[in-house]
Amino acid sequence: MTEKSSPAPAIDSASADSAPAAKTWSGLFSEPVSELVKRYTASVDFDQRMAMQDIRGSLAHARMLARQGIIAGTDLAAIEHGMATIRGEIERGEFAWNLDDEDVHLNIEKRLTALVGDAGKRLHTGRSRNDQVATDIRLWLREATDQILLLIGEFQRALLAVAEQHAATPLPGFTHLQVAQPVTFGHHLMAYYEMTRRDAERFTDCRRRMNSLPLGAAALAGTSYPIDREFVAAELGFEAVCENSLDAVSDRDFAIEFCAACALLMTHLSRFSEELILWMSPRVGFIVLLDRYCTGSSIMPQKKNPDVPELVRGKTGRINGHLVALLTLMKGQPLAYNKDNQEDKEPLFDAADTVIDTLRIYAEMIAGIHVRADNMLAALSQGHATATDLADYLVKRGLPFRDAHEAVARAVRAARELGKDLPALTLDELKAAMAAVPGAASRLDGDVFTVLSIAGSLASRAHIGGTAPDTVRAAIARARARLG
Ligand code: ARG
């Protein structure tokens, strides 16, 4: 589970005078590390989130050791029994995490040994924390990725429902934030469907590459025991084994890819948020978000602020930061494992948590959006949004496009001077405005008002990718079929 594990008891740091012999590698060391160094180097307060993955990995490793005759069947039975106890302790929040044991791996191994004796001490045969941690992160991230993929699907379902309702609702399409051409609100929303469809592909693709088993690489060079890596891979659901031991323990490119996919997804949702914020401004008034996604002001009683979209936009910066943190963490590291890599977890966990929460909240928020079609239409009726349609009309009647562009520019200018929107001009006014462009006015007929209308403009864009209501409905149907 990527859920935060149940509340653990406070990290227990044994007193500074604890015997150096308590340390795993202590035979070599003549003094214990200081409290500060212990705190600085420990990761157990955050990597305990991988406890269940650590146990799964250890059990697969132990089963392999027993099958290969490297440990006895009785040792395996003891390890399995001890791990079941530990799993229960962790789930109930009773496991006593100890800072002296540095990380999740040593904490669990130590507890196992306390529970089952020598069998616990045999578990680490033929492996290292280096391949162990690389395996745990991949297992954890694979689950997080699967959860994110499900949630992208839920978000898309919510989006498709609103898009379908508004497949024919006219909205001013903007470029440069200036009214450009009519689109439908459904078409606009479907742009975000396409963005998140690619996001889902990125997560799926990145999952494929993270799904290889590092265990067996041991510290860096492999191990002299007769291990069976394919067996461990199959036990843990990995599609392949990492084919170079140095690479297996040291690279975190899969984590960087995951963060990059998170950053892009958040960037898309941040753009969407920016639009929701703009649309919700009383000056624009295209939508209303439910109160539960907004907050009031402590001083201005009239305010209803779109906090959730603003925070999505804000948290995107944080995810971009995590991506840069991981890239920077990796860039200077020589082969093979270096302790720097311990710093990969907090950005990674936070990226996954943030994306998961954001998708959850977004799906609900979109499902409850209130659309003000009247305000959208009013805005669309103020920007001469069908000017391009008029130019296309003249072109279809034989006028070269550049001349048509000029003729329509003059018509827009006349409309402005008359204080009207382009479709409100009479045929005579249109003709008069275009008089200076040879061949333009003579090509105008009464049917020009069909293309000048918003409905006509929308309906004419019926090719794949266009904004015609029926085309939008077809795009929604294809999207539904993909979602299954
Ligand atoms: N806590 C460490 C990490 O997150 C585990 C691996 C430690 N390996 C070592 N050789 N110190 O990367």
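The values are calculated or read from the model by the stated rules, or taken from the named source; none is laboratory data. Because the structure is predicted, anything quoted here is derived from the model rather than measured. Positions of Cβ are generated from backbone atoms using ideal geometry, with glycine treated the same way; all protein chains shown enter the neighbour counts. The protein model used for the area step is the full one, side chains on, heavy atoms only, and it has no ligands, DNA or RNA in it. Shrake-Rupley method; radii C 1.70, N 1.55, O 1.52, S 1.80 Å.
Residues whose amide H falls under 5 Å from that of A180, counting only those 5 or more places apart or on a different chain, are G173, F174, T175, with hydrogens built in the peptide plane.
Give the Debye-formula value of log10 I(q)/I(0) at each listed q (0.10, 0.17, 0.19 Å⁻¹), with one equal scatterer per alpha carbon of the range 162-282, two decimals each. Reported log10 I(q)/I(0), two decimals: -0.53, -0.90, -1.04. Here r is the Cβ-Cβ distance between S34 and T204 and R0 is 56 Å; the resulting FRET efficiency, rounded to 0.05, is 0.75.
The range 91-161 to the range 195-240: how many Å between their Cα centroids? Distance between centres, Cα-based: 15 Å. At the residue level, W97 shows approximately 10 square angstrom of accessible surface with a 1.4 angstrom probe and all protein chains present.
Expressed in nm to one decimal, what extension gain is obtained for the pair R478 and E274 from 0.36 nm per residue of sequence separation less their Cα-Cα distance? Residue separation times 0.36 nm, minus the Cα-Cα distance, leaves 70.7 nm. Here the contact order of the range 77-185, divided by its residue count and restricted to Cα pairs under 8 Å and six or more residues apart, works out to 16 percent. At q = 0.12 Å⁻¹, what is the log10 ratio I(q)/I(0) for the chain, with the Debye formula run over Cα points and no solvent? Evaluating at q = 0.12 Å⁻¹ gives log10 I(q)/I(0) of -1.05. Residues in the chain average 46 Å² of solvent-accessible surface per residue, probe 1.4 Å, ligands and nucleic acids excluded. Distance from the C-alpha centroid of the range 455-484 to that of the range 376-449: 27 Å, rounded to the whole angstrom. Think of the chain as a dipole: +1 on every Lys or Arg Cβ, -1 on every Asp or Glu Cβ, centred on the Cα centre; then among I71, W140, W97, W140 lies furthest on the positive end. Between the amide H of L425 and any residue lying 5 or more places away or on another chain, no distance stays under 5 Å, with hydrogens modeled in the peptide plane. Note that the range 420-436 has calculated 3J(HN,Hα) couplings of 10, 8, 3, x, 8, 5, 7, 4, 5, 5, 4, 4, 4, 5, 9, 4, 6 Hz, one per residue in order, obtained from phi through the Karplus relation 6.51 cos²θ - 1.76 cosθ + 1.60 (θ = phi - 60°); glycine and proline are x. Database remark: amide H of M434 closer than 5 angstrom to no amide H (H placed geometrically; neighbours at sequence offset of 5 or more, or on other chains; Pro and chain starts carry no H).
Here the accessible area is traced with a 1.4 Å probe on the protein chains. For the chain, carbon and sulfur cover 55 percent of it. Calculated mean residue ellipticity at 222 nm for the chain: -19000 deg cm²/dmol, from DSSP H runs with n ≥ 4 weighted as -39500 (n - 2.57), summed, divided by the residue count and rounded to 500. Taking all protein chains together, V162, V116 sort by accessible area into V116, V162, largest first [probe 1.4 Å].
Extension gain for V284 to D307 (0.36 nm times residue separation, less C-alpha to C-alpha distance): 6.5 nm.
Derived scalar couplings between HN and Hα for the range 398-412 equal x, 7, x, 4, 4, 5, 4, 4, 5, 4, 6, 4, 5, 5, 5 Hz in order, rounded to whole Hz, by the Karplus curve 6.51 cos²θ - 1.76 cosθ + 1.60 (θ = phi - 60°), x for Gly and Pro.
Normalised by the number of residues in the chain, the mean separation of alpha-carbon contacts (under 8 Å, six or more apart) gives a relative contact order of 15 percent. Of all beta bridges that DSSP places with both ends in the chain, some 75 percent have antiparallel geometry. Could you tell me how many degrees, from 0 to 90 and to the nearest 10, lie between the Cα long axis of helix 345-367 and the main elongation axis, the longest principal axis, of the Cα atoms of the chain? It works out to around 40 degrees. Could you sort out which of K303/K420; K315/K345; K38/K110; K304/K420; K38/K331 sit more than 24 Å apart by Cα distance in this structure? Pairs exceeding 24 Å: K303/K420; K304/K420; K38/K331. Extension gain for the segment R360 to E230, taken as residue separation times 0.36 nm less the Cα-Cα distance, is 43.1 nm to one decimal.
Against the chain, whose longest principal axis is taken from its Cα atoms, helix 469-483 shows a tilt of about 10°.
Distance between the 7 Å Cα→Cβ label points at L427 and H81: 9.7 nm.
Here the 3J(HN,Hα) profile of the range 77-86, calculated from phi with Karplus coefficients 6.51, -1.76 and 1.60 at θ = phi - 60°, is 4, 5, 5, 5, 5, x, 5, 5, 4, 4 Hz, Gly and Pro shown as x.
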